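These notes are about the structure you will find just below.
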Amino acid sequence: VFINPHESNQTKAASLGFGIFMGIIPVWGFQLAIGIPLSILFRMNKALFLLAAHISVFPLTPIIWVASLATGKLVLGHKQWLVSFDHLTLSRFLQEGAAFFLGGTVLAVVAGALTYLVTYILLFFFREKGRTVRK
């Protein structure tokens, strides 16, 4: 399934890129519920998609959260990147939440696009061309 010789480099790269995108996009609990039907609809490699979508497993989850918040604050032009829980008001909570979700979305798009690009280039240079399938 991972190594389907009839699948194009674009399909493999798109499957990994979309998986990374869905693994980072801040829709937790719905990432696979949204991503699996879309990967089927777009005729992607489902195994590669699932492998990449699991970037949001425990050891990486806190890193993704911090990177999402930092990216959002960078995009919104906030001076302070640290979150302080003293004087936490509803408006500040909404401001931090907006930075987090915007940052997560931007991070997902950039990481997915970079994954697609790097994978496509690597497959272009290192994948055997004209390989025959043995049965």
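The values are calculated or read from the model by the stated rules, or taken from the named source; none is laboratory data. As the structure is a computational prediction, the values presented were derived from the model and not from experiment. When we count neighbours, we look across all protein chains shown, and the Cβ atoms used for this are built from the backbone with ideal geometry, even at glycine. With ligands, DNA and RNA removed, areas are computed over all heavy atoms of the protein, side chains included. Shrake-Rupley method; radii C 1.70, N 1.55, O 1.52, S 1.80 Å.
Observations on the structure shown:
- All positions within the stretch 28-51 that are within 20 Å of residue 102 (Cβ to Cβ) and surrounded by 15 or more Cβ atoms within 10 Å (Cβ to Cβ): 31
- For residue 67: the one exception among (1) farther than 20 Å from residue 119 by Cβ; (2) open to solvent by 70 Å² or more (accessible area, probe 1.4 Å); (3) aliphatic (A, V, I, L, M): (2)
- Which listed residue, of 17, 35, is assigned to a helix (DSSP H, G or I) and touching a residue at least 24 places away in the same chain (Cβ under 8 Å): 17
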